[in-house]
């Protein structure tokens, strides 16, 4: 038995050597993956000998790495500073097609909106570059999920940079830890210089790894994301300039004046932030931030926070709550929020209702 175990260790060392060379992984990363499979085998096959369980774990590890070798995805390490909601980009299109068929079947069919049975069809004929779209006229998918992820990361062989990652399909539902060191794999679609453009693969998951040494979050953002940083006082002007850009991104800093933990009808929590110079101004409305349920909040009011998100602007309400034609204040759909440690106040859980918050802004759902 001891001889078999020794041979297995020799085999593991040889395989580690090969994987380091082929996959650009460190020995620590490989052993971490191997130990995860070992833990899994201990739960799945408690009656097997440890040698057999280790053998199965090694086989699973080899299988997973063989799949990685066939993928163009490469390893990155860094932090994620924000992630949009998962959006079904054809949900509205499907609903409109079904509605048209119900109201006027002949029109829907003749215009190629649905087939004769009322099934929505793809109406996009070309790509933005003019090339024909292969899906034109075919049944519309049941859903088409999209999510954008923003962060600062790099490969071991290169310097870190700000990146934007697109996640499509079921992988868009992946859990994404924010503002903590992570390792992940993605397909690098970047051109030389500028912002890194990444695309998620079927292997893209985000694994927290506190052994990764990174500068403080604020230092990283100031260094790599300065082009997206906007002062609160300039938020309105920034939104007017970029409101037609569906991929607009804003990073701003402010003091938390209100933190409402009671979810709105759309499931968000409300946070209001203001700039230092307005803290003593009782008439200052501040900026309303809509925080989705998946973002964990570990701070309280009076904390200073960095907010990563997308500007939005709805319409004002009248005295009875009906929408008017007047623009409301610019607000932020939050992708990520980070309390600066030196100015962070520990949270005290207190139930607050939405009526406690006075705001003329209306939560605007994201649509791409």
Taking segment 2-69, the equivalent ellipsoid from its C-alpha gyration tensor has semi-axes in Å, biggest first, of 21, 14, 9
Output row, site residue 64, 7 Å Cα→C-beta label point, backbone N cut-off 16 Å, window segment 205-226, residues 205-209
Two pseudo-spin positions, 7 Å from Cα along C-beta at residue 326 and at residue 277, lie apart in nanometres by 2.5 nm
At q = 0.08, 0.12 1/Å the base-10 log of I(q)/I(0) from the Debye formula over the alpha-carbon atoms of the chain is -0.56, -1.05
Distance in nm between residue 318 and residue 190 label points, each 7 Å along Cα→Cβ, equals 5.3 nm
One finds the C-alpha centres of segment 13-42 and segment 55-89 to be spaced, in Å, by 14 Å
Taking the reciprocal of mean 1/r across every pair of different Cα atoms in segment 10-151, the Kirkwood radius in Å is 20.0 Å
Fewest-first ordering of 252, 264 by Cβ atoms within 10 Å yields 264, 252
The alpha-carbon pair-distance distribution computed for segment 84-204, with 10 angstrom bins and whole-percent values, is 12, 31, 27, 18, 10, 2
Share (percent) of C-alpha pair distances in segment 229-356 greater than 27 Å works out to 16 percent
Per the rule of 0.36 nm per residue minus the C-alpha distance, extending residue 45 to residue 219 adds in nm 58.0 nm
A correct fewest-to-most ranking of 316, 38 by other Cβ atoms within 10 Å would be 316, 38
With T = 37 °C, eta = 0.692 mPa s and Kirkwood Rh from C-alpha pairs, the Stokes-Einstein D of segment 39-108 in µm²/s is about 184 µm²/s
Relative contact order in percent for the chain (Cα pairs under 8 Å, 6+ apart) equals 13 percent
Most fluctuating of 216, 132, 120 in the GNM of the chain (C-alpha, under 10 Å) is 132
Taking the alpha-carbon centre of each part, the distance from segment 128-187 to segment 194-229 in Å is 14 Å
Per-residue Cβ contact counts at 10 Å, fewest first, order 287, 86 as 86, 287
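Readers should treat all values here as calculations from the given coordinates under stated rules, not as data from a laboratory. What you see is a predicted model, and the numbers here were worked out from it, not measured in a lab. Glycine gets a Cβ as well: all are built from the backbone with ideal geometry, and neighbour counts include every protein chain shown.
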